[in-house]
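Participant: Attaching a single structure in C-alpha cells format; questions to follow.
FYI, it's all coordinate maths here, none of it is from the lab. Note that this is a predicted model, so its numbers are computed, not measured. Backbone-built Cβ (ideal geometry, glycine too); neighbour counts: all protein chains shown.
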Amino acid sequence: MKTMTHIVPFEAGDGFLCNLVHVQGPDVPTRGPVLLIHGAGVRANLFRAPVETTLVDYLLARGHDVWLENWRASIDLRPNLWTLDEAAVFDHPYAVRKVVAETGFDRIKAVIHCQGSTSFTISALAGLVPQVDVVVSNAVSLHPVVPEITKFKISASVPVLKRLTPYLNPQWCLHAPTLTAKAVAALIRLTHHECHNPVCKGVSFTFGTGFPTLWSHANLNDDTHEWIKQEFAQVPVRFFEQMVQCISHGHLVAANRRPELPADFVAQEPQTNARFAFFAGVNNRCFLPESQRRSFDFFDGWHKGYHSLHLIPNYGHLDIFIGKDASRDVFPKIAEELERAA
Ligand SMILES: [Zn+2]
C-alpha cells in the first residue's frame, strides 16, 4: 500500500525524547487511532517488514488511524539503560496523551508486543493510560514464563555480562567493536548453525534459546530474513537483570520502587477498563504461551468473560507480525478484537 509517514516527537515524563510515527494511507481514516508498540532492541519499523501486507497496511485498509511508538527501548533513539517501570511511567502514558491530542479522539486502542507489552501492561494496571479501551497484547504481558533452559542461561549469564558490558547487541555478529563483543560473536558462531544470517543468529542468542528463537524460518520470506539484519540492535543488560527477577517471581516486578506504580503488580485489581486480547504463538520459544494464559486468567479473574485469549498455531514470537502469511493467519483476529463493540 502507498503510505506517507510523519514523525511526531514527544517528550516522555522524565524528558527523554521519543517519537510517534504516524502512517497514513491513501484514504482518510474511518475509525479511531491505534497505537502499535514494539519490543526490546528493535524499533517502530518492526511492524513494517517487507511482506505483501504488513499489519500497518492491513489496519489502514480497514480504516484505522495507525500510530507507531518509538519508546526508550527503540534502537532509533539514544541508547539508554531503560527499565520496564521507566517505560510504563514515563513513555506510554505520554505517547497515549500525544495521540489523543493530535487526533482529537479521547479513546484509543493499542497493539503491544513483548517488552512493549509488559511495560504497557504495567501502565494499564497502574491506571496511567485510562484513554485506552482495547489492548491487543502479543507474547507476554504480566507473567513471563520462559523455557527451563533459558531460565538457566539468563540467570547464569546476566551477573557475568553486567560486569563486562552495559548492552548486548545482535549487530556484534556483523561488527564487534570490543573484546566482549568479539567473544559473544564467537560464541554465537560456535553454537548457531541454523542459517547464514549473522544477525538472525545473534537475535536468537540474545532473546533466549532457539534455532531460531523468535520465528520459524518457514514463516519468513527471504526479504524479511535479510531485513532483520538492520532491525535489531542494543538491549541493556539492566533490562535482562529485571527480567531475571520477573521470571523468578512468576510475574513482572519493578526494577525500582516508584510512587506511580503499585508495590506488587498482581496484588490488586488492574486499574483499567481496557478489554485485553492476549495473543500467543503456540510455538513461541522466547516466552512460552503459558505466559499469556496466566495473564488472561489473572485479568479474567477480576472481570469474568470480558477479556480473550488467542493461541495461534504454527506461529512463534515475532512471526505473528512479520510472517509472510500473518495477514491471512493473524491480522484478521487482531482487527476483529480492535473492532469488536464494547
Ligand atoms: Zn535465520
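Participant: If r is the Cβ-Cβ distance from Ala263 to Lys151 and R0 is 22 Å, what FRET efficiency results, to the nearest 0.05?
Facilitator: 0.35
Participant: Follow-up. How high is the relative contact order of segment 258-342? Use alpha-carbon pairs under 8 Å, at least six apart in sequence, and give a whole percent.
Facilitator: For segment 258-342, the relative contact order is 30 percent.
Participant: Right, another one. State the extension gain, in nm to one decimal, for the chain segment bounded by Ala183 and Arg97, taking 0.36 nm per residue of separation less the distance between their alpha-carbons.
Facilitator: The Ala183-Arg97 span can extend by a further 26.6 nm.
Participant: Viscosity 0.692 mPa s, temperature 37 °C: Stokes-Einstein D of segment 123-196 from its Kirkwood Cα radius, in µm² per second?
Facilitator: Using the Kirkwood radius from Cα pairs, D works out to 208 µm²/s.
Participant: If every alpha-carbon in the chain counts as one equal scatterer, what log10 I(q)/I(0) does Debye give at q = 0.08, 0.12, 0.14 1/Å?
Facilitator: The computed values of log10 I(q)/I(0) come out as -0.33, -0.79, -1.12.
Participant: Based on the alpha-carbon gyration tensor of segment 221-342 and its eigenvalue square roots a ≥ b ≥ c, which shape applies: rounded if a/c is under 1.5, prolate if not and a/b is larger than b/c, or oblate?
Facilitator: Here segment 221-342 falls in the oblate category.
Participant: May I pose another question? Highest first, please rank the peptides 22-34, 122-134 by the mean number of other Cβ atoms sitting within 10 Å of their residues.
Facilitator: Answer by packing, highest mean first, reads 122-134, 22-34.
Participant: Trypsin sites (Lys or Arg not before Pro) within segment 87-129: which are DSSP loop residues with at most 14 other Cβ atoms inside 10 Å?
Facilitator: Sites meeting the loop and neighbour criteria: Arg107.
Participant: What are the ³J(HN,Hα) values, in whole Hz, obtained from phi via the Karplus relation 6.51 cos²θ - 1.76 cosθ + 1.60 with θ = phi - 60°, for each residue of segment 39-51 in sequence order, with x given for Gly and Pro?
Facilitator: Along segment 39-51, the couplings run x, 7, x, 10, 7, 4, 4, 3, 7, 10, 5, x, 10 Hz.
Participant: So, one more: Please report the orientation-averaged projected area of segment 125-270, defined via the convex hull of its C-alpha atoms, in nm².
Facilitator: That works out to 10.7 nm².
Participant: What nm distance separates the two modelled labels at His303 and Asp223, each placed 7 Å from Cα along Cα→Cβ?
Facilitator: About 3.9 nm separates the two model spin labels.
Participant: Please label the shape of segment 270-342 as rounded, prolate or oblate, based on the square roots a ≥ b ≥ c of the eigenvalues of the alpha-carbon gyration tensor (a/c under 1.5 means rounded; beyond that, a/b larger than b/c means prolate, else oblate).
Facilitator: It comes out oblate by the Cα gyration axes.
Participant: Report the residue, chosen from Leu174, Leu46, Leu55, that carries the largest GNM mean-square fluctuation when the chain is represented by alpha-carbon nodes joined by springs under 10 Å.
Facilitator: Leu174
Participant: Can you give me the relative contact order of the chain as a percent, contacts being Cα pairs under 8 Å and 6 or more apart?
Facilitator: 21 percent
Participant: Still on this structure: Please compute the length gained on full extension between Asn273 and Asn314, using 0.36 nm multiplied by the number of residues separating them and subtracting their Cα-Cα distance.
Facilitator: Full extension of this stretch gives 11.6 nm more.
Participant: Follow-up. Please report, ordered by residue number, every helix of the chain (full DSSP H runs) that is 20 Å or longer along its axis going by C-alpha atoms and whose mean Kyte-Doolittle hydropathy reaches -1.0.
Facilitator: Sorted by number, the helices that extend far enough and score high enough are 148-164.
Participant: Would you mind finding the longest exposed-site-free stretch of the chain, with exposed GluC sites (Glu not before Pro) meaning DSSP loop and at most 14 other Cβ atoms within 10 Å?
Facilitator: With a cap of 14 other Cβ atoms within 10 Å, the longest stretch comes to 195-342.
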